[in-house]
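Asker: Before we start, here is the structure in question, set down as structure tokens.
The values are calculated or read from the model by the stated rules, or taken from the named source; none is laboratory data. Since the model is a prediction, treat every value here as computed from it, not as a measurement. FYI the Cβ positions are ideal-geometry reconstructions off the backbone, even for glycines, and counts take in every protein chain you see.
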Amino acid sequence: MHSWGVSDSLKLYNIENWGDQYFSINPSGNLMVHPRRGEGMGIDLMNVIEEIRSQNMQMPVLIRFQDVIRHRVVSLNEAFKKSIAEFSYRGRYQGVYPIKVNQMREVVEEIIDAGRPYDMGLEAGSKGELAAVIAMNLSPDALIICNGYKDYGFIKMALMGVKIGKRVIIVIEKLTELYQIIAVARELGVTPLVGIRTKLSSKGSGKWESSGGESAKFGLTTPELLHAVNVLRTEGYQDSFKLLHFHIGSQITNIKTVKDAVKEATRVYSKLHKMGMKLEFIDVGGGLGVDYDGSRTSFDSSINYSMAEYVSDVVYSIKEICEAEEVPEPNIVSESGRALVAQHSVLVTNVFGSIEVGATPFSMEETADEDDVVKEMRYLSQNLTSKNLLEHFHDALQRKEEALSMFKLGFLSLEDKARVEHLFWQICKVIYKNAAGSKYVPDEVAELNKHLSDQYLCNFSLFQSMPDHWAIQQMFPIIPIHRLDEEPMRQATLVDITCDSDGKVAKFIDLRDIKDTLQLHQLRGNEPYFLGFFLIGAYQDIMGDMHNLFGRVHEVHVFLDETEPGGYYIEEVIRGETIADVLAPIQYPATDLAKRVKEQIDAKAREGLIKPKEGVEFANFYEQVLHGYTYGNFERQTPFPQSAETKGTDTLNGNNGHNVRILS
């Protein structure tokens, strides 16, 4: 008999594909993080968790591996450097990071520091983002790209950046912005640096396909582009036009889409150059994707190309068109964000319980006065064989429906209804388990997997920590971070602690398709069981909402250091929001709430309904809760007294020799 090992878990959870050498499993069955993508020491994620818990931090916790960001930044820039040399490309590459992908200061500063040797810059899409970006200590030649719709304040702030020596390029999204840029530039006495976003015919691929093409939200049509060129000439700002921009969508799944768009945009650049526009840059926008499911396909949660292939195709496509048009090759700008930060953060949460279909503490022992429908269901459960599984399944369905009708009409007791339901699910479990080994499994039996799976109760909010899964069904890898040397025997879906039926994960990545359940380990009493949610560093941090007032989670920043125990150190701990923190923005000041509760307690104490000492304890506890973590502390659970397990089992042998184990 095959003994389960680490290699089996690697295959089951597809880690070697979506993990892209950033994750592995050690011999102890713990997940390892390799911030330098397979090079040097790895970090045992369980060691990090134990250190966090030793500092009295509850789950959930977001762990940032800052060295992963650095590795991604260097990898992207070196990939462009290599392709530029390989194709003898005569321009350079200057990337910008769009901070909307993850605006956390520590993330942005890590990207700036790692990208400094490459003059890597930043992109801002709002006044708030630009206010942050302008203040950053970028290298002198780094670009600041301003996208999005702009008002007077946005444009003036951008031009003030130019005046203090920063290379701020204002990308025109609509014609009225051009007139305002010229007016404010004259007001400040500064020469603007202008980019124009053009609407291409080419569209993206994947979930964000509609954000590109001729019906895109941003950018100028070809007639508008030509009008803008004439305005720049007439107003004497022809030389201010520095950059041609396009964007065909985030998470582009198909490399052909990238090549088509780049070629079309380079044609536009070439024609503009021949019209006398001495452009310096082509900005290919964002879109460099992440292979969330590891399938390397054009599926929505994957990409059918590598970073190296993307870079090579961008450089070669621009060079090919420029040579054909006999125009100089421009410097290349890209706005890759997802591909830089998705891999660096992991949300770790604890599973604090499970809901198992058909499990019950109520006694299911046979009684003399139980209804005939219960007896018939018992007969079906006790007479299952490998040959009559499907027939008995249909019969069991009929008995269950019959019992429900009888109950609605008042002819069946609540106890007998419970027995019918319990027996039905036990029959279903046996049928599904035995059919799984057959060559042909009927669809109705295969569908049982969804109905029979456990629900694992997880201490997190889907809406706060993984909103894209809820909103657009974005897939993220989810796996246990320990016990990976053991075979996971349970099929489960995940539910969060929000009071919302949508707060669940019931779709999981798979190499071939999407799975309805995730294989997990049996929970062991009060022993902690931790799950990791991976590749969530892009967008999820900043897009999380306050549904049910679950605030930001605890956060720790981990850095590699081979001189430290475990090969790492925790540089910073950012405590998650308290209940007082999340109540304040919606006009519930903690001091006012505490005062109101104390007044009510004091009134009851004066009436003699509670003792003064009790009142003080209640008031103190209320304030303690107000200033505590918004998430659950399930390590202090009082275990529910469980009834004895069902006393007997019947094992029946079918003609094909399969054992059918049923609870009686």
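Asker: Out of the residues in the range 491-527 that are in contact with a Pro (Cβ under 7 Å, 6 or more places away or on another chain) and crowded, with 21+ Cβ neighbours inside 10 Å, which is modelled with the highest pLDDT?
Answerer: Leu520
Asker: Specify which of the listed residues (Glu129, Glu109) is touching a helix residue (DSSP H, G or I) at 6+ places or on another chain (Cβ under 9 Å), outside any loop (DSSP other than H, G, I, E, B) and without any contact (Cβ under 8 Å) to a residue 40 or more places away in the chain.
Answerer: Working: Glu109 fails: touching a helix residue (DSSP H, G or I) at 6+ places or on another chain (Cβ under 9 Å).
Answer to the check: Glu129.
Asker: Sticking with this one: Report the residue count in the range 587-635 for those that are small (Gly, Ala, Ser) and touching a residue at least 12 places away in the same chain (Cβ under 8 Å).
Answerer: In the first step, residues of the range 587-635 are kept if they are small (Gly, Ala, Ser); the result is 590, 594, 603, 605, 608, 615, 619, 628, 632.
Remaining after also requiring touching a residue at least 12 places away in the same chain (Cβ under 8 Å): 590, 594, 615, 619, 628, 632.
The number of residues fulfilling the criteria is 6.
Asker: Could you look through the range 384-401, keep only residues that are loosely packed, with under 13 Cβ neighbours inside 10 Å and at pLDDT below 90, and pick out the one that is farthest from Pro442 (Cα to Cα)?
Answerer: Taking the candidates together, the pick is Lys387.
Asker: Find the residue count for the range 160-196, including only residues that are touching a strand residue (DSSP E or B) at 6+ places or on another chain (Cβ under 8 Å) and in a helix (DSSP H, G or I). If you could, list the steps in order and put the result at the bottom.
Answerer: Residues of the range 160-196 touching a strand residue (DSSP E or B) at 6+ places or on another chain (Cβ under 8 Å): 161-162, 166-175, 177-178, 181, 192-196.
Restricting the remaining residues to those that are in a helix (DSSP H, G or I) gives 161-162, 175, 177-178, 181.
Here the count works out to 6.
Asker: Among the residues of the range 328-344, are any over 30 Å from Val108 (Cα atoms) and of a type in the set (A, V, I, L, M, F, W, C)?
Answerer: Taking every residue of the range 328-344 in turn, none turns out to be over 30 Å from Val108 (Cα atoms) and of a type in the set (A, V, I, L, M, F, W, C).
Asker: Does Ser88 satisfy the condition of being farther than 26 Å from Val327 by Cβ, of a type in the set (S, T, N, Q) and not assigned by TED's automatic domain parsing to the domain that holds Phe23?
Answerer: Details: farther than 26 Å from Val327 by Cβ: no; of a type in the set (S, T, N, Q): yes; not assigned by TED's automatic domain parsing to the domain that holds Phe23: yes.
When the stated conditions are applied, Ser88 does not pass them.
Asker: Sticking with this structure for a sec: Which residues, taken from the range 344-361, are part of a strand (DSSP E or B) and buried (at least 22 other Cβ atoms within 10 Å of the Cβ)? Walk me through it before giving the result.
Answerer: As a first pass, look at the range 344-361 and keep what is part of a strand (DSSP E or B): 345-355.
Ser345, Val346, Leu347, Val348, Thr349, Asn350 - these are the residues of the range 344-361 that are part of a strand (DSSP E or B) and buried (at least 22 other Cβ atoms within 10 Å of the Cβ).
Asker: Among the helices (runs of 4 or more DSSP H) contained in the range 404-493, which hold 1 or more residues that are among the basic types (Lys, Arg) and in contact (Cβ under 8 Å) with a residue 24 or more places away in the chain? Break it down stepwise before answering.
Answerer: Working: elements: 414-435, 443-446, 448-452, 462-465, 467-472.
The helices (runs of 4 or more DSSP H) meeting that bar are 414-435, 448-452.
Asker: Would you confirm whether any residue within the range 69-88 is under 30 Å from Ile43 (Cα atoms), in contact with a His (Cβ under 7 Å, 6 or more places away or on another chain) and modelled with pLDDT under 95?
Answerer: no
Asker: Shifting gears a bit: Condition first: farther than 11 Å from Leu457 by Cα and touching a residue at least 12 places away in the same chain (Cβ under 8 Å). Now tell me which residues in the range 495-504 satisfy that. Give the derivation first.
Answerer: To start, the set of residues in the range 495-504 that are farther than 11 Å from Leu457 by Cα comprises 499-502.
Listed by number, the residues that qualify are Cys499, Asp500, Asp502.
Asker: Select from the range 20-42 the residues that are in a strand (DSSP E or B) and touching a His at 6+ places or on another chain (Cβ under 8 Å) and write down the one among them that is surrounded by the fewest Cβ atoms within 10 Å (Cβ to Cβ). Walk me through it before giving the result.
Answerer: Residues of the range 20-42 that are in a strand (DSSP E or B), as a first pass: 23-25, 31-33.
Within this subset, residues satisfying the condition of being touching a His at 6+ places or on another chain (Cβ under 8 Å) are 23-24, 31.
On the way: Phe23: 27, Ser24: 18, Leu31: 27.
Residue satisfying both the conditions and the ranking: Ser24.
Asker: Among the residues of the range 106-120, which ones are over 25 Å from the mean Cα position of the chain (by Cα) and buried (at least 20 other Cβ atoms within 10 Å of the Cβ)?
Answerer: Tyr118, Met120
Asker: How about the range 49-80: which of its residues are without any contact (Cβ under 8 Å) to a residue 24 or more places away in the chain and not assigned by TED's automatic domain parsing to the domain that holds His34? Steps first, please.
Answerer: In the first step, residues of the range 49-80 are kept if they are without any contact (Cβ under 8 Å) to a residue 24 or more places away in the chain; the result is 50, 53-54, 56, 78.
Hit for the range 49-80 is Glu78, nothing else.
Asker: Sticking with this structure for a sec: Considering only residues that are part of a helix (DSSP H, G or I) and either of a type in the set (A, V, I, L, M, F, W, C) or touching a helix residue (DSSP H, G or I) at 6+ places or on another chain (Cβ under 7 Å) (or both), which ones fall in the range 605-633? Talk me through it step by step, then tell me what you get.
Answerer: Keep residues of the range 605-633 that are part of a helix (DSSP H, G or I), which gives 605-606, 612-626.
Answer for the range 605-633, where residues must be part of a helix (DSSP H, G or I) and either of a type in the set (A, V, I, L, M, F, W, C) or touching a helix residue (DSSP H, G or I) at 6+ places or on another chain (Cβ under 7 Å) (or both): Ala605, Pro612, Gly615, Val616, Phe618, Ala619, Phe621, Tyr622, Glu623, Val625, Leu626.
Asker: Could I ask something else about it? Could you count how many residues in the range 494-546 are among the aromatic types (Phe, Trp, Tyr), outside any loop (DSSP other than H, G, I, E, B) and either more than 22 Å from Glu635 (Cα to Cα) or in the same structural domain as Asn102 (by TED's automatic domain parsing) (or both)?
Answerer: Selection size over the range 494-546: 1.
Asker: Mind checking which residues of the range 73-100 are in a helix (DSSP H, G or I) and either in contact with a Ser or Thr (Cβ under 9 Å, 6 or more places away or on another chain) or more than 22 Å from Ser306 (Cβ to Cβ) (or both)? Talk me through it step by step, then tell me what you get.
Answerer: From the range 73-100, those in a helix (DSSP H, G or I) are 73-86, 99-100; that's our starting set.
Scanning the range 73-100 gives Leu76, Ala79, Phe80, Lys82, Ser83, Glu86, Ile99, Lys100.
Asker: Before we move on, is Val258 modelled with pLDDT of 95 or more and under 27 Å from the mean Cα position of the chain (by Cα)? Let's see the steps before the verdict.
Answerer: Details: modelled with pLDDT of 95 or more: yes; under 27 Å from the mean Cα position of the chain (by Cα): yes.
Considered against the rule, which asks whether it is modelled with pLDDT of 95 or more and under 27 Å from the mean Cα position of the chain (by Cα), Val258 comes out as yes.
Asker: Here are the criteria: (1) without any contact (Cβ under 8 Å) to a residue 60 or more places away in the chain; (2) closer than 30 Å to Val68 by Cα; (3) of a type in the set (A, V, I, L, M). Tell me which single one Val101 does not satisfy.
Answerer: In the conditions (1) without any contact (Cβ under 8 Å) to a residue 60 or more places away in the chain; (2) closer than 30 Å to Val68 by Cα; (3) of a type in the set (A, V, I, L, M), Val101 misses (1) alone.
Asker: Also: Any idea which of (1) part of a strand (DSSP E or B); (2) in contact with a Pro (Cβ under 8 Å, 6 or more places away or on another chain) is the one Arg64 doesn't satisfy?
Answerer: The single condition Arg64 does not satisfy is (2).
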